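Below you'll find the structure, written out as structure tokens, and then a few comments.
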Amino acid sequence: MNIKVLVPTGALGITYCKKTLNKGLKEKPDIIVVDGGSTDSGPAYLGKGKSKYSRSSTKSEWRTLMVAREKLKIPLLIGSAGTCGTDKSVDWFFEITKELARELNQKIKITLLKCSQSKKDINKAFLSKNLFPLSNAPKISSKKIINCTNIVGLAGVEQITEAINTKADIIICGRSTDASLIASLPIMNGVDKAVAWHAGKIGECGAFCTTNPKSGVILISFKKNGFFIKPVSKNTKVTPYTVSAHMVYENSNPFTLIEPGGSLDVKKAIYKKQKDGSVYVTGANWVQDYNYKIKLEGTHVVGYQSISMVLIRDESYVKNINKWSKQVKNKVKEIIENSLSLKKKSYEIQFRFIGKNATLGSLERKNFEPNEIGVLVVVTAKKQYECEEISKILNPLLLHHSIYKNRELPTFSFPLSPPSFKIGKKYEFCLNHVMSLQNPMDIFKLEKYSI
């Protein structure tokens with residue numbers, strides 16, 4: 001047994017080296033696997049059901065992979081297509097694939113794995129106590145579920161295996177767990193589940209498990225009870241440390257990975273450097289969960305937002321930036337109360353000081369005075385009109401507010417005109433729960449096409 005999985009990049013849309021990909025194709029992989037999505041950039045993409053990557057770059061990179069697939073006549077699999085993996089984003093990706101098939105004159109079979117969920121069905125599961133919160137999950141209610149803009153279920157090996165079994169040339173999956181994309185074909189071919197899932201986790205982000213994460217392409221070769229992982233690029237290496245360390249990536253427990261159908265235990269895993277530059281991994285254990293569960297992700301709208309930006313370089317204002325922003329905020333609240341009649345709890349004004357503590361806020365431990373500060377003001381309200389009104393009230397204060405009584409007014413710098421921008425709807429994740437299924441395909445569906 002020697003099943004080979006080629007992973008060209010950690011995510012489609014962030015580019016990869018075509019020369020390195022072609023080198024990887026010479027290894028004669030059995031499948032090309034790539035992830036297409038993430039929640040790393042927050043809830044807006046799931047909220048809108050749109051991709052965060054440009055259509056042009058997505059199409060360009062997918063073209064190269066479609067050409068590679070045609071050359072070797074092997075399956076090409078993408079998961080979490082269109083970033084969020086909704087049915088809408090899968091259809092968007094399907095349109096790109098059909099365009100390319102015509103342009104490349106390819107006759108192909110395509111299977112879509114749809115993962116979007118009915119709000120009514122998820123609410124029924126909630127009312128029947130079949131939704132279970134994960135750690136730190138927000139409280140949910142029927143109202144929140146019904147008001148969700150999108151809900152997806154995360155496909156695992158069982159669902160992706162069904163898609164691969166259709167014998168399609170290209171499989172476009174909705175929202176999927178990252179590791180399941182790599183693990184599915186090996187498990188279908190008799191590789192131990194622990195081995196396949198462990199490799200799936202290590203290889204999920206492509207070359208992130210190497211000494212050069214930007215190099216992109218990796219190859220994973222499976223034996224029944226272990227796997228070899230190696231970079232394809234000459235200028236990149238894997239070591240037992242870089243490989244084992246990836247268990248920490250986006251994972252609260254470096255020894256356990258919870259997936260649909262069970263959990264991976266790597267406490268006794270062994271990572272051995274090989275003469276050919278690969279690392280051979282064995283020793284993981286798969287713990288079966290006989291109450292099959294899948295994770296749900298859902299978003300809802302909690303308001304609207306606008307942002308404003310001003311640059312402050314005056315030394316005395318840089319030193320007293322907290323005092324200045326507090327005075328501006330209090331003055332704006334006073335005007336809002338008198339002119340807009342908004343309750344204080346119906347809106348929020350947040351100041352972030354870029355160059356000082358914009359990332360960590362009050363958790364920042366480094367104490368230093370920058371030369372200048374970019375002040376980013378985020379306004380959140382129940383209506384977009386209210387956001388825009390508050391931003392306009394902020395405008396003259398951001399430009400001229402003085403913390404001194406008997407001095408001339410300062411003039412700060414707006415880097416852009418206008419200095420405030422409409423963001424639109426603010427989304428939040430409201431579902432971070434799991435749901436029990438009698439059959440793994442109960443809430444997923446397959447669509448098959450010939451192009």
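The values are calculated or read from the model by the stated rules, or taken from the named source; none is laboratory data. The structure displayed is predicted, hence computed values, not measured ones. Reconstructed Cβ throughout: ideal geometry from the backbone, glycine too, with neighbour counts over all protein chains shown.
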Worksheet entry | Residue list for region 44-91, filter: surrounded by 22 or more Cβ atoms within 10 Å (Cβ to Cβ), under 23 Å from residue 105 (Cα atoms) and β-branched (Val, Ile, Thr) | 78, 90
Discussion item. Name the single residue that is nearest to residue 204 (Cα to Cα) among those in region 256-303 being crowded, with 21+ Cβ neighbours inside 10 Å and among the hydroxyl-bearing types (Ser, Thr, Tyr).
Written reply: 278
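Okay, residues lined up against (1) assigned by TED's automatic domain parsing to the domain that holds residue 356; (2) within 30 Å of residue 48 (Cβ to Cβ); (3) out of contact with any helix residue (DSSP H, G or I) (no Cβ under 8 Å at 6 or more places or on another chain):
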| site | (1), (2), (3) |
| --- | --- |
| 240 | no, no, yes |
| 251 | no, yes, no |
| 255 | no, no, no |
| 273 | no, no, no |
| 294 | no, yes, yes |
| 327 | yes, no, yes |
| 334 | yes, no, yes |
| 338 | yes, no, yes |
Discussion item. Condition (residue is over 22 Å from the mean Cα position of the chain (by Cα), over 23 Å from residue 61 (Cβ atoms) and among the β-branched types (Val, Ile, Thr)) applied to region 189-204: is it met by at least one residue?
Written reply: yes
Item to complete: Note down all Cβ pairs under 7 Å where the first residue falls in region 332-347 and is at negative phi, the second is surrounded by 10 or more Cβ atoms within 10 Å (Cβ to Cβ) and polar (S, T, N, Q), and they're at least six residues apart or on different chains.
Response: 347/380
Discussion item. I want to confirm something. Restricting to region 343-373 and keeping residues that are assigned to a strand (DSSP E or B) and surrounded by 16 or more Cβ atoms within 10 Å (Cβ to Cβ), which single residue is nearest to the chain's Cα centre (by Cα)?
Written reply: 352
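Counting only residues that are of a type outside the set (Asp, Glu) and over 19 Å from the mean Cα position of the chain (by Cα), how many does region 60-97 have?
Just the residues of region 60-97 that are of a type outside the set (Asp, Glu), to begin with: 60, 62-69, 71-86, 88-90, 92-94, 96-97.
So of that shortlist, the ones also over 19 Å from the mean Cα position of the chain (by Cα) come out as 60, 63-69, 71-76, 94, 96-97.
The total comes to 17.
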Worksheet item: Has region 150-158 got at least one residue that is within 28 Å of residue 231 (Cβ to Cβ), at pLDDT 95 or above and of a type in the set (Val, Ile, Thr)?
Response: yes
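Could you list, in sequence order, the residues of region 218-236 that are under 18 Å from residue 23 (Cβ atoms) and either touching a strand residue (DSSP E or B) at 6+ places or on another chain (Cβ under 7 Å) or not assigned by TED's automatic domain parsing to the domain that holds residue 286 (or both)?
Across region 218-236, the qualifying residues are 218, 219, 220, 221, 228, 229, 230, 231, 232.
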Practice prompt. From 173, 115, 148, grab the single residue that is more than 23 Å from residue 258 (Cα to Cα) and in contact with a Leu (Cβ under 8 Å, 6 or more places away or on another chain).
Written response: 148
Response to the item:
Reported set for region 245-272 where residues are out of contact with any Phe, Trp or Tyr (no Cβ under 8 Å at 6 or more places or on another chain) and either at positive phi or among the aromatic types (Phe, Trp, Tyr) (or both) is 250, 255
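I'm trying to understand the selection: among the residues of region 413-439, which are assigned to a loop (DSSP other than H, G, I, E, B) and either touching a Lys or Arg at 6+ places or on another chain (Cβ under 8 Å) or among the acidic types (Asp, Glu) (or both)?
437 - this is the single residue of region 413-439 that is assigned to a loop (DSSP other than H, G, I, E, B) and either touching a Lys or Arg at 6+ places or on another chain (Cβ under 8 Å) or among the acidic types (Asp, Glu) (or both).
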Worksheet item: Given region 92-164, what helices (runs of 4 or more DSSP H) lie entirely inside it while holding 1 or more residues that are free of Cβ contacts under 8 Å to residues at least 60 places away in the same chain and surrounded by 14 or more Cβ atoms within 10 Å (Cβ to Cβ)?
Response: 119-127, 157-164
Fill in: Scope region 50-88; condition assigned to a helix (DSSP H, G or I) and small (Gly, Ala, Ser); matching residues
56, 57, 60, 68
Discussion item. Checking the structure you have, find out if any residue of region 290-299 is under 30 Å from residue 376 (Cβ atoms) and touching an Asp or Glu at 6+ places or on another chain (Cβ under 8 Å).
Written reply: yes
Worksheet entry | Residues (touching a residue at least 24 places away in the same chain (Cβ under 8 Å) and charged (D, E, K, R)) located in region 293-331 | 293, 295, 297, 313, 314, 319, 323, 331
